[in-house]
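The values are calculated or read from the model by the stated rules, or taken from the named source; none is laboratory data. Here the structure is a predicted model, which means the values were calculated and not measured. Using ideal geometry, Cβ is built from the backbone for each residue, glycine included, and neighbour counts are taken over all protein chains shown.
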């Protein structure tokens with residue numbers, strides 16, 4: 001056997017998503033150590049010179065957050081559950 005019984009699965013220390021407090025601490029450190037104006041100029045240069053859009057996206061997601069997405073769930077016309085042919089039989 002390959003000793004899979006001895007793996008001891010389950011919750012592990014440090015696993016999972018970081019807490020909101022840790023994320024907030026990261027954002028505060030970003031504000032403390034990085035000047036926003038300098039960061040924007042540097043990110044603009046990276047974006048146009050290196051074509052590195054991921055760095056810009058990551059910075060803005062941490063500092064300003066992701067915009068709220070809205071989904072329109074209104075139905076404009078009645079949609080049949082089943083498609084019927086001319087003889088009222090299921091297609």
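Here is how the numbers come out for the structure above:
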quantity: Candidates 72, 49, filtered to the one that is in a loop (DSSP other than H, G, I, E, B), loosely packed, with under 10 Cβ neighbours inside 10 Å and without any contact (Cβ under 8 Å) to a residue 40 or more places away in the chain; calculated: 72
quantity: Any hit, segment 16-23, residues being assigned to a helix (DSSP H, G or I), at pLDDT below 80 and at negative phi; calculated: yes
quantity: Subset of segment 34-43 (residues that are free of Cβ contacts under 8 Å to residues at least 12 places away in the same chain and in a helix (DSSP H, G or I)); calculated: 37, 38, 40, 41, 42
quantity: Boolean, residue 90 is in contact with a strand residue (DSSP E or B) (Cβ under 8 Å, 6 or more places away or on another chain), surrounded by 10 or more Cβ atoms within 10 Å (Cβ to Cβ) and over 29 Å from residue 20 (Cβ atoms); calculated: no
